[in-house]
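Read the structure below first, then the notes.
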Amino acid sequence: MDVKSTKNFVFWLFCQFELITCSYLMEPWEKVLFYSFNISMVGMLFYTTYVCVAAHASTALQFLWNLLGNPHENAVSVVK
Amino acid sequence: QKNGVSNGTLYKKTFIEHFEQAPMYVAVFTFVGFAVGTIFGYLRDFMRAWGLEKRNIAAEREQQKDFVPLYQDFENFYTRNLYMRIRDNWNRPICSVPGPQFDLMERVTDDYNWTFRFTGRTIKNVINMGSYNYLGFAETDVNALKTVTRELEKYGTGVCSTRQEMGTLDKHVELEKLVATFLGVEDAMVFGMGFATNSMNIPALVGKGCLILSDELNHTSLVLGARLSGATIRIFKHNNMQSLEKLLRDAIIYGQPRTHRAWRKIIILVEGIYSMEGSIVRLPEIVSLKNKYKAYLYLDEAHSIGAVGATGRGVVEYFGMSPDDVDVLMGTFTKSFGAAGGYIAGKKGLVDFLRTHSHSAVYATSMCPPVAEQIIRAMKCLMGLDGTTQGLQRVRQLEKNTRYFRRKLHEMGFIIYGNDDSPVVPLLLYMPGKIGAFARRMLEKNIGVVVVGFPATPITESRARFCVSAAHTREMLDKVLNALDELGDYLQLKYSRYSKSSHPELYEETRLELED
């Protein structure tokens, strides 16, 4: 069953995370604190990505597009 | 035309040691683990200081608060916050003989390892990969212990005196003669405790104005003895002959620190097998250095006597050298002989000097007779004097077990330190979170291992240390190897970048040559 093996794999990855960051050794309330801190950091990262990086990427793409000389530009008027 | 120069090199057989470094991401993850542990340590300390949590650890009394703080150094911080979390993996009480399998008392904790209580049950037949039982002499077989019971009934257990007063029994004289014959030296002296042999005899041999050159990773008993003696101590890098030679040359050229007089004595302290690394000392090179620069050599064969060498006589035999090359041969009976105590052997003049001047001879109680008889019977068995070849078989079995275990672990892809012939096998774990997980899961699979972390090892190199024994059967080793394979995959411990083989066959294919 693909779902079960994926679930096992995700659980195993989570175990590796626990082992590496020593949260395997923490008491339950410490784990709650640590995970909530981590999840909030990751959430802030996603928000920053959404706000800044999307706008930045679209302006960068526009700049590149213009640089490559596309027919959208008013180049016709300049040439004439 | 010659085929090659005979005795052209110092080493008669190849000397292969491994100290592989793990990939960089392992070090990064280790530091991440320690960083998180430290942050939470500070958080818990803060909560304890402000009364939000009960204080279980030693703390100063109210009246002492204005004095210099006692428990603020790093070691106490580490003990409080990191060691306590995985403390259930150490000091496990056992309730049977520490043979190849033993029984553990079951222990649970209700408040996260601050206190333990026994449930009353025992975990039976746990495979023992932690005891220093190299030749399997820790046994309860009645036939084997016949002479020991006889001596116990004849002498009792107490000696009630020191060697110099009334504590020298005929058993001690017999044992010392046997040890001297076994090692091939003129005379030997035995003491009741192995640690005390080192720490009490080095001060008798060296004093102020002498120089001690000691290996970086020497055991605490050697370090304590060296410090107690009052001599100047200089450390050379582990098993590094260039470092040792440089120190020797500097010592002879510059002499003592301020007066520049020659050192009264230069003594080199090394061990046969280092118990945390599994490495064997480079004895031929050290002996040639000591002969060139006129220094003395003190060899501590605690883990190597009985465990290496063609007939179990230690590293001196392993390298094919004569015992006259080493000035002071020291060893313990705890590891390979299933008893307790230590010995110092060498020239008769040296041993006679120690009989009168050693602190241990003057003040410490001598070895008790049943223990001495156990050593006598084990040594006679090893030398073949009891009429069987059992001793030699044990040495060969240990050699086979060691080679098999190490080879399989290398093939599976773990990082193992040490020489290919040493029965001490450290397996590197690196991350602090995995120390606890490894030991607990191995116990669930009924295998008892010893894991070591800081401060016995460097802080980033925590390890699990296996001690292979001649009493382990092939099935036990296979069970351990299977469990290690599984656990290595689950915990991602197979860091080695050199040899990888997916699922090596653990059972030998049919061999076409005749079994010997």
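The values are calculated or read from the model by the stated rules, or taken from the named source; none is laboratory data. Keep in mind that this is a model prediction, so the values were computed, not measured. Glycine also receives a Cβ, built like all others from the backbone with ideal geometry; neighbour counts cover every protein chain displayed. To get the accessible areas, we keep the full protein, side chains included, count just its heavy atoms, and leave off ligands, DNA and RNA. Shrake-Rupley method; radii C 1.70, N 1.55, O 1.52, S 1.80 Å.
I need to check one value: relative contact order of the stretch B:142-383, counting alpha carbon pairs closer than 8 Å and at least 6 residues apart, in percent. Once divided by the residue count of the stretch B:142-383, the mean separation gives 31 percent.
Computed over protein heavy atoms with a 1.4 Å probe, the carbon and sulfur contribution to the accessible area of chain B reaches 55%.
For chain B, the membrane-span-like helix rule (DSSP H, alpha carbon extent of at least 27 Å along the helix axis, mean Kyte-Doolittle at least -0.5) picks out B:24-49; this says nothing about an actual membrane.
The interface between chain B and chain A buries about 1800 Å² of solvent-accessible area in total (1.4 Å probe, ligands and nucleic acids excluded).
Over all orientations, chain B has a Cα convex hull whose mean projected area works out to 31.6 square nanometres. Over the stretch A:3-69, accessible surface divided per residue gives 75 Å², non-protein components excluded, 1.4 Å probe.
What FRET efficiency do you get for B:THR79 and B:SER288 if R0 is 30 Å and r is their Cβ-Cβ distance, rounded to the nearest 0.05? Efficiency, rounded to the nearest 0.05: 0.10. One quarter of the surface of the convex hull around the alpha-carbon atoms of the stretch B:141-195 equals 5.2 nm², the direction-averaged projected area. The residues of the stretch B:7-35 listed by number as losing at least 10 Å² of accessible area in the complex, against the isolated chain and with a 1.4 Å probe, are B:PHE29, B:VAL32, B:GLY33. Dividing the helix sum by the residues of the protein assembly as shown, where each DSSP H run of 4 or more adds -39500 (n - 2.57), gives a mean residue ellipticity at 222 nm of -13500 deg cm²/dmol.
Under the convention that each Lys and Arg Cβ holds +1 and each Asp and Glu Cβ holds -1, the size of the dipole of the protein assembly as shown around its Cα centre is about 920 debye. Qualifying trypsin sites (Lys or Arg not before Pro) in the stretch B:226-309, where qualification requires a DSSP coil assignment and no more than 16 other C-beta atoms within 10 Å, comprise B:LYS237, B:ARG258, B:ARG261, B:ARG264, B:LYS265, B:LYS294. For the stretch B:58-99, chymotrypsin sites (Phe, Trp or Tyr not before Pro) are listed when DSSP marks them as loop and at most 15 other Cβ atoms sit within 10 Å of their Cβ; the list is B:PHE67, B:TYR71, B:TRP90. Its residue count N fixes a reference of 2.2 N^0.38 Å for the stretch B:29-97, and the Cα radius of gyration divided by that reference is 1.38. Compared with its chain on its own, the stretch B:74-94 contains the following residues whose accessible area drops by 50 Å² or more in the full protein assembly (probe 1.4 Å; ligands, DNA and RNA excluded): B:ARG85.
Specify whether the C-alpha gyration tensor of the stretch A:11-50 places it in the rounded, prolate or oblate class, a ≥ b ≥ c being the square roots of the eigenvalues: rounded for a/c under 1.5, otherwise prolate if a/b is larger than b/c and oblate if not. Since a/c reaches 1.5 but b/c is at least a/b, the shape of the stretch A:11-50 is classed as oblate. Legend: residues in the stretch B:419-460 shielded by at least 50 square angstrom of accessible surface upon adding the remaining protein chains to the isolated chain (1.4 Å probe, heavy atoms) are B:GLY433.
For the stretch B:34-66, the list of trypsin sites (Lys or Arg not before Pro) that fall in a loop by DSSP and count at most 14 other C-beta atoms within 10 angstrom reads B:LYS54, B:ARG55, B:ARG61, B:LYS65. Electrostatic bookkeeping for B:VAL362 treats Lys and Arg as +1 and Asp and Glu as -1; over the other residues with beta carbon under 11 Å from its beta carbon, the sum is +1.
Dividing the mean sequence gap of close Cα pairs (under 8 Å, 6+ apart) by how many residues the stretch B:1-109 holds gives a relative contact order of 16 percent.
Stokes-Einstein diffusion for the protein assembly as shown at 20 °C, viscosity 1.002 mPa s, with a Kirkwood radius from C-alpha pairs, works out to 77 µm²/s.
For chain B, the relative contact order is 19 percent, taking Cα pairs closer than 8 Å that sit 6 or more residues apart in sequence and dividing their mean separation by the residue count. If we count every other residue with Cβ under 14 angstrom of B:THR122's Cβ, Lys/Arg +1 and Asp/Glu -1, where does the sum land? Result for the local shell: +2. Positive-end ranking of B:CYS95, B:ALA456, B:PRO257 along the dipole of chain B, with charges on Cβ about the Cα centre, is headed by B:PRO257.
Solvent exposure of the stretch B:234-382 amounts to 37 Å² per residue of accessible area, where only protein heavy atoms count and the probe is 1.4 Å.
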